[in-house]
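Asker: Dropping a structure here in structure tokens format, bear with me for questions.
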Amino acid sequence: MKRVIIFGESMIELSAIDSQTYRKSFAGDAHSTAIYLKRSGREYIDCLLLSAIGNDHHSAMLKSVLKEENITIDLLIEHPNKTLGLYDITNDDNGERYFSYWRDNSAARDTIELLMENTNLQKNLHCDYFFFSGISLAILNKSSRLSLWKIIKQLKKQGTTIIFDPNYRQRLWGSPLQAKDCITTAINLSDIILPGMDDLKDLFSLSNFDAVKKFIGIFEYNKIWVVKNGANSIFFHSEEVSFMYPINPIKAVVDSTAAGDSFNGSFISAIIRNKDITEAMKYATNIARRVIQHRGAILPKEDYHYTIN
């Protein structure tokens with residue numbers, strides 16, 4: 001069984017059902033990636049969520065949800081006086097998302113600080129794969145980011161494969177330059193990079209795949225790149241091969257929340273299980289297509305039909 005650590009934040013998600021009613025669940029890019037990774041990985045992958053939570057009712061509910069999804073919670077750290085972040089989400093007629101956040105008191109912002117104070121948890125960080133995102137970085141302070149770089153470098157020395165999704169959210173960063181510098185550092189440290197085309201456009205002014213190819217050339221050649229472009233083709237690049245993977249777009253998108261996260265978790269799971277790249281692409285794309293036809297980040301288990309042998 002492969003051990004995978006997903007570092008990031010689980011949040012309370014309120015999604016609008018109508019003008020007066022919201023549905024409560026848990027989400028966040030790391031949270032969603034972990035769930036879809038474990039669902040497709042089943043008995044082949046031990047998925048652990050590394051995050052800080054509170055010691056309140058909502059945090060206890062989150063633990064229960066993660067246990068139901070068979071996600072290992074040994075790396076969840078209880079913060080003495082903070083709790084989970086919260087956001088609400090509304091969608092327009094095309095499924096486009098609009099968010100409002102309340103995360104200033106989010107315990108996850110202090111995850112690395114709490115981790116560095118706990119030597120027992122540090123000893124439990126060993127893993128085969130380590131995933132983090134631009135959002136995971138953005139919510140940390142400068143000192144915590146420096147500690148995270150050290151943790152990642154140590155994991156790499158131990159043979160861990162580092163996976164990174166830039167997942168750029170401008171409002172979370174002090175400035176675009178700060179985001180660009182931190183995300184560039186993360187790319188340099190990573191083995192598999194899973195950006196969205198919008199991330200590369202907003203951060204590095206890359207407007208097409210030809211520009212992406214030139215940009216990739218700046219970095220080491222032994223990295224794997226999977227560039228997602230919404231309803232358009234996915235660009236895959238490795239040291240051995242580069243190609244475009246076509247996508248048949250969904251005409252009626254209900255909610256695009258977690259499209260990229262569900263793709264990430266499913267793709268990583270397929271790669272860990274040594275599936276062919278095109279097979280992994282097809283599988284992950286099918287999961288994402290199903291997700292965007294459902295309101296909210298997490299598909300109900302009864303609607304999660306796609307499996308990979």
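The values are calculated or read from the model by the stated rules, or taken from the named source; none is laboratory data. The shown structure was predicted, so the numbers you read here are calculated from the model rather than taken from an experiment. All Cβ positions, glycine included, derive from the backbone under ideal geometry; neighbour counts span all protein chains shown. Each accessible area value is taken on the protein alone, full model and side chains, heavy atoms only, with ligands, DNA and RNA left out. Shrake-Rupley method; radii C 1.70, N 1.55, O 1.52, S 1.80 Å.
Asker: Give me the pairs, please: first residue somewhere in region 120-138 and within 16 Å of MET1 (Cβ to Cβ), second residue anywhere and open to solvent by 20 Å² or more (accessible area, probe 1.4 Å), beta-carbon distance under 7 Å, and either six or more positions apart or on two chains.
Answerer: ASN124/ASP74; HIS126/GLN158; CYS127/ARG3; ASP128/LYS2; ASP128/ARG3; ASP128/THR161; TYR129/LYS2; TYR129/THR161
Asker: Just to be sure before I move on: is SER32 of a type in the set (Gly, Ala, Ser) and free of Cβ contacts under 8 Å to residues at least 60 places away in the same chain in the structure I sent? Step through it out loud before you land on a result.
Answerer: On the way: of a type in the set (Gly, Ala, Ser): yes; free of Cβ contacts under 8 Å to residues at least 60 places away in the same chain: no.
No.
Asker: Filtering region 258-306 down to residues that are touching a Leu at 6+ places or on another chain (Cβ under 7 Å) and over 25 Å from VAL241 (Cα atoms), which residue is surrounded by the fewest Cβ atoms within 10 Å (Cβ to Cβ)? Please lay out each step first, then the result.
Answerer: First, pick out the residues of region 258-306 that are touching a Leu at 6+ places or on another chain (Cβ under 7 Å): 264-265, 268-269, 290-291.
Within this subset, residues satisfying the condition of being over 25 Å from VAL241 (Cα atoms) are 290-291.
Values: ARG290: 16, VAL291: 27.
Filtering first and then ranking leaves ARG290.
Asker: Select from region 101-116 the residues that are open to solvent by 50 Å² or more (accessible area, probe 1.4 Å) and either modelled with pLDDT under 95 or in contact with a Pro (Cβ under 8 Å, 6 or more places away or on another chain) (or both) and write down the one among them that is farthest from HIS79 (Cα to Cα). Step through it out loud before you land on a result.
Answerer: Pass one, region 101-116, residues open to solvent by 50 Å² or more (accessible area, probe 1.4 Å): 101-102, 104-105, 109, 113, 116.
Cutting the leftovers down to either modelled with pLDDT under 95 or in contact with a Pro (Cβ under 8 Å, 6 or more places away or on another chain) (or both) gives us 101-102, 104-105.
Details: TYR101: 20, TRP102: 17, ASP104: 14, ASN105: 11 Å.
The qualifying residue farthest from HIS79 (Cα to Cα) is TYR101.
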